[in-house]
Amino acid sequence: MDFRISEEQQMLLDSINKFAERENFKELAVKIDRENHFPEEELLPKYAALGLYGMTISPEYGGGGQPALTAVLAVEELAKYSIALGAAVFENNLGPCRILETYGTEEQKKRILPGVCEGKYCLSIGMTEPGGGSDLAALSTKGVDKGDHFLLNGNKCFISGGGSSSHFLVFCRLSEDKGFRSIGAVIVEKGMAGFSHGPQEDFLGWRGVPSAELIFEDVKVPKENVVIEAGGFAKLLGGFALERLGNSACSVGTAEGAFREAMEYTTVREAFKKQICEFQAMQFSIVEMKMQIDAARMLLYRAASGAGMAFPNPFEAAMAKCYCNAMAVEVTNKALQIFGGYGYSKEFPVERYLRDARGCGIAGGTQEMLKLTQARFLYGRMFDQRGSKPEGK
């Protein structure tokens, strides 16, 4: 296996870092976290000019035609400064836009994808509901067939991009069949009658990443906005596996950012008249953090490399996200411990990294659900987690 990144990918990372230095991302990350606001109008056009949008989309629709790994590298590099700065690129490269390009109609792709690549549009995924997050078979948002359109009713919660994105790929029931057989996906556009959103969420971390409830009240969704028909749930999960790589990249970037802060701190902080990096215990902590980050990075890059221009292996994506999420919490917690009392202060960035790392393990599938996914692949069979009673009981 060749673990080297290409010359083109290295050039992209160099341009991101020069851009981050020019825009003073370190200070901007603090401002975004404090105000819980991402400067879209100011920053998104600059992201687009750097070619950070639609990297994985075909050039036919204005994209870069790059493999998933390139987008993962970009998201990771930006997340070293802030989750919010990475998430803005994550959404338009690793997730619903790839589902749309793979399964959408030609009309849908030509109508939406060029705008995504230009940074004018953002397509977010609408999956989680108040009563159906991990249990996707329990989704209740429903589109009733009215001939030339579906009448959509329901609610989605904790939706990244809520109140901000221009388009949403909404998972919903499109037939009367039970379980997964009725689930499909439609595009709901900002401004549609009956479509609204709740107030912006105020989370512990991920501050500056737009998130809000989506509310559908008799929304008329034209049939030409159907991306996945009822019964195509497996196609949706393939795209969601790709989105999990974006989350994993945010975890790795967050951990790397905290690690760099901690390593620098050990060379300037003194105790007992010498730099604390000279103490064996501190050296062990730093080395352990680096090993954890690199191990997680290898799992992520394996899954991304396997995806190429398509979708990753669901097992590899679940393993990568599960490990990357846990690693990020451990590494950022160690970084805070290295800083001691200063790490607990908002005057230093490590407490923000820890708060952001904790959110990665909730968004896009909890670690518990990811372990169940991995178990299903390892055993080669489905397990009923609903606690159904055997017949006759």
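The values are calculated or read from the model by the stated rules, or taken from the named source; none is laboratory data. The model shown is predicted, which means the values in this text are computed figures rather than measured ones. No Cβ is skipped: glycine too gets one built from the backbone with ideal geometry, and neighbour counts run over all protein chains shown. Accessible surface is based on the protein model in full, side chains and every heavy atom, while ligands, DNA and RNA are left aside. Shrake-Rupley method; radii C 1.70, N 1.55, O 1.52, S 1.80 Å.
Residues G86, G64, G104, G51: which one is on the phi > 0 side of the Ramachandran plot and small (G, A, S)? Lay out the reasoning, then the answer.
Values: G86 fails: on the phi > 0 side of the Ramachandran plot; G64 fails: on the phi > 0 side of the Ramachandran plot; G104 fails: on the phi > 0 side of the Ramachandran plot.
Only one candidate passes the filter, namely G51.
Have a look at F195, F216 and point out the one that is touching a residue at least 60 places away in the same chain (Cβ under 8 Å) and more than 29 Å from S82 (Cβ to Cβ). First the steps, then the outcome.
Numbers: F195 fails: touching a residue at least 60 places away in the same chain (Cβ under 8 Å).
Being touching a residue at least 60 places away in the same chain (Cβ under 8 Å) and more than 29 Å from S82 (Cβ to Cβ) holds for just one of F195, F216, which is F216.
Report, by residue number, each residue of segment 266-285 that is assigned to a helix (DSSP H, G or I), open to solvent by less than 80 Å² (accessible area, probe 1.4 Å) and out of contact with any helix residue (DSSP H, G or I) (no Cβ under 6 Å at 6 or more places or on another chain).
A281
Could you grab me the full set of residues in segment 15-24 that are assigned to a helix (DSSP H, G or I) and surrounded by fewer than 20 Cβ atoms within 10 Å (Cβ to Cβ)?
To start, the set of residues in segment 15-24 that are assigned to a helix (DSSP H, G or I) comprises 15-22.
Selection gives S15, N17, K18, F19, A20, E21, R22.
Quick check on my filter: what residues within segment 68-103 are within 25 Å of I187 (Cβ to Cβ), out of contact with any Cys (no Cβ under 8 Å at 6 or more places or on another chain) and open to solvent by 10 Å² or more (accessible area, probe 1.4 Å)?
A88, R98, E101, T102, Y103
Filter segment 104-138 down to residues that are farther than 22 Å from G231 by Cα and modelled with pLDDT under 90 and give me whichever is surrounded by the most Cβ atoms within 10 Å (Cβ to Cβ).
Here the residue is G119.
Hey, among G179, G191, which residue is among the small types (G, A, S) and open to solvent by 40 Å² or more (accessible area, probe 1.4 Å)? Before you say what the answer is, go through the steps one by one.
On the way: G179 fails: open to solvent by 40 Å² or more (accessible area, probe 1.4 Å).
Just a single option satisfies the conditions, and that option is G191.
Scan segment 225-246 for residues that are at pLDDT 95 or above and of a type outside the set (A, V, I, L, M) and report the count.
Matching residues across segment 225-246 total 1.
Can you find a residue in segment 312-329 that is within 20 Å of E91 (Cα to Cα), surrounded by fewer than 17 Cβ atoms within 10 Å (Cβ to Cβ) and out of contact with any strand residue (DSSP E or B) (no Cβ under 9 Å at 6 or more places or on another chain)?
yes
Suppose the filter is of a type outside the set (S, T, N, Q), part of a loop (DSSP other than H, G, I, E, B), open to solvent by 10 Å² or more (accessible area, probe 1.4 Å) and farther than 23 Å from R111 by Cβ; does D218 pass it? Walk me through it before giving the result.
On the way: of a type outside the set (S, T, N, Q): yes; part of a loop (DSSP other than H, G, I, E, B): no; open to solvent by 10 Å² or more (accessible area, probe 1.4 Å): yes; farther than 23 Å from R111 by Cβ: yes.
Taking the combined requirement at face value, the residue does not satisfy it.
Output the qualifying pairs, or none if there are none: Cβ atoms under 8 angstrom, residues six or more apart or on different chains, first residue in segment 286-315 and at pLDDT 95 or above, second residue of a type in the set (F, W, Y) and assigned to a helix (DSSP H, G or I).
I286/F259; M289/F259; K290/F259; I293/F259; A295/Y323; A296/Y323; L299/Y323
Contact list please: Cβ distance under 8 Å, first residue in segment 39-55 and in contact (Cβ under 8 Å) with a residue 24 or more places away in the chain, second residue assigned to a helix (DSSP H, G or I) and of a type in the set (S, T, N, Q), pairs at least six apart or on different chains.
L50/S15; M55/T70
Go through (1) in contact (Cβ under 8 Å) with a residue 12 or more places away in the chain; (2) out of contact with any His (no Cβ under 6 Å at 6 or more places or on another chain); (3) over 14 Å from A230 (Cα atoms) and name the single condition T141 misses.
(3)
Is there a residue being at positive phi and among the small types (G, A, S) anywhere in segment 321-329? Write out each step before concluding.
Start the filter on segment 321-329 by keeping residues that are at positive phi, which leaves none.
No, segment 321-329 contains no residue that is at positive phi and among the small types (G, A, S).
Which of the residues spanning segment 215-230 are basic (K, R) and out of contact with any Leu (no Cβ under 7 Å at 6 or more places or on another chain)? Can you show your working first?
Narrowing segment 215-230 to residues basic (K, R): 220, 223.
Listed by number, the list holds a single entry, K223.
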